[in-house]
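The values are calculated or read from the model by the stated rules, or taken from the named source; none is laboratory data. Fair warning: this is a prediction, and the values are worked out from it, not measured in the lab. The protein model used for the area step is the full one, side chains on, heavy atoms only, and it has no ligands, DNA or RNA in it. Shrake-Rupley method; radii C 1.70, N 1.55, O 1.52, S 1.80 Å.
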Protein chains: 2
Amino acid sequence: MQLIIDFILELDKLKGVTRKVKPLGLDRYENSAEHSWQLAMMAASLAHHAQTPVNLDRVIRMLLVHDIGEIDTGDTMAFVEGGWEERRAAELAAATRIFGMLPAAQGAPLLALWQEFESGETPEARFANAMDRAMPVLLNLANDGQSWRENGIGYERVVARVRAPIEAGCPDLWKHIDAGLQEARQRGWFGI
Amino acid sequence: MQLIIDFILELDKLKGVTRKVKPLGLDRYENSAEHSWQLAMMAASLAHHAQTPVNLDRVIRMLLVHDIGEIDTGDTMAFVEGGWEERRAAELAAATRIFGMLPAAQGAPLLALWQEFESGETPEARFANAMDRAMPVLLNLANDGQSWRENGIGYERVVARVRAPIEAGCPDLWKHIDAGLQEARQRGWFGI
């Protein structure tokens with residue numbers, strides 16, 4: 001029991017990992033714990049639009065754990081260029097450490113879900129990745145492009161980064177976001 | 001699709017609903033979105049200690065939605081006396097409004113999970129309620145009784161509030177917390 005409690009308290013650190021978007025109406029940056037919650041709810045609302053039928057419960061569990069490696073590495077903005085291999089290795093080491101705090105019967109399946117998300121090869125992982133890429137775009141579209149403006153991110157760069165994963169996991173959502181991005185460009189909501 | 005997006009963006013408001021405990025090491029109050037995430041992870045780590053075997057996926061979904069009514073009503077501290085009937089009615093109205101933003105095929109099952117948690121009658125709801133009552137206690141035990149001190153809450157009041165639901169859903173967890181509470185009392189971590 002003490003091992004499990006220590007793990008649960010370790011998770012508290014994800015509440016302190018900040019991202020680049022701000023929650024709507026709040027003057028602070030989003031953290032990776034509340035982001036993970038929102039993605040799980042998003043998946044529950046959108047699963048019937050998945051490109052391939054998915055096991056929603058596996059998607060939800062995957063989204064709950066997908067950012068836990070950031071407890072050690074912090075969040076890296078989706079638009080940072082390069083360094084991805086080093087970052088993946090660091091996050092794998094982090095996830096291995098953190099899930100390794102649990103007894104193996106509990107920790108091993110959670111680490112396997114984390115790795116499945118990272119590999120992005122199953123229908124569940126593709127759908128989960130689509131949620132993860134789409135959510136900050138939806139927040140920016142509802143917030144005058146807040147993080148694009150603050151970080152000097154242009155329209156083409158956003159599309160290059162998010163189109164393929166969103167379209168692969170949830171094509172209907174991409175159609176919606178595609179239209180929104182074009183409108184945002186006309187409104188001048190991009191940083192460059 | 002627009003209805004679903006509107007719902008997902010409405011959920012952003014739960015990130016702004018603050019509770020009485022502070023995340024460990026942070027000088028701000030916890031919000032109900034990150035709390036919901038942590039409870040889901042806690043359930044995934046502790047399900048094998050449930051008093052009755054539970055369907056973990058239903059527990060996880062229940063914990064993800066259990067606080068959504070607070071978007072309209074705000075969080076009420078677990079130790080407020082009285083007014084519970086009015087509060088339950090207000091939260092039901094809120095949950096009905098918020099899940100009603102979704103198409104019925106998506107919204108109705110989520111509202112049903114919310115109601116199941118509130119009723120607390122199924123093994124899943126009892127286990128989920130145990131997680132919800134235990135988590136702030138675990139945070140206080142790891143944080144010198146922060147919210148007990150700040151709000152003048154005594155040992156007996158904590159035990160009266162949390163013992164029955166934690167013991168009913170997860171007796172092993174209660175044994176751990178019981179010992180922690182007694183130690184906290186000796187250390188003078190309660191508000192009165």
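At 1.4 Å probe radius, can you tell me the per residue accessible area of region A:101-192 in Å²?
Value for region A:101-192: 42 Å² per residue.
Let me check against my output: what whole-number percent is the relative contact order of chain B, with C-alpha pairs under 8 Å and at least 6 apart?
RCO, chain B: 24 percent.
Take the alpha-carbon positions of the protein assembly as shown, form their convex hull, and give its projected area averaged over all directions (one quarter of the hull surface) in nm².
17.8
Determine the alpha carbon to alpha carbon distance for each of A:22/B:22; A:20/B:13; A:15/B:175; A:13/B:175; A:22/B:175 and list only those over 29 Å.
As for pairs spanning more than 29 Å Cα to Cα, those are A:22/B:175.
At what distance in angstrom do the alpha carbon centres of region B:9-83 and region A:46-73 lie from each other?
19
Accessible area of region A:92-192 with a 1.4 Å probe: how many percent of it is carbon plus sulfur?
With neighbouring chains kept in place, the figure for region A:92-192 is 51 percent.
Give me, ordered by chain and number, the residues 5 or more places off residue B:18 or on other chains with an amide H under 5 Å from its own placed amide H.
HN-HN under 5 Å from residue B:18: B:75.
Taking a probe of 1.4 Å and counting only protein heavy atoms, give the total accessible area buried between chains A and B in Å², rounded to the nearest 100.
4200
Among A:43, A:134, A:89, which one shows the biggest mean-square fluctuation in a GNM of chain A, springs joining Cα atoms closer than 10 Å?
Among A:43, A:134, A:89, the largest mean-square fluctuation in the Gaussian network model of chain A belongs to A:89.
Are there residues in region B:34-57 whose accessible area shrinks by at least 50 Å² when all protein chains are included rather than the chain by itself, and which are they (probe 1.4 Å, ligands and nucleic acids not counted)?
In region B:34-57, residues shielded by partner chains: B:34, B:37, B:38, B:41, B:45, B:57.
Taking springs between alpha-carbon atoms closer than 10 angstrom, which of B:84, B:148, B:114 fluctuates most in the Gaussian network model of chain B?
For chain B, modelled as a Gaussian network with Cα springs under 10 Å, the answer is B:84.
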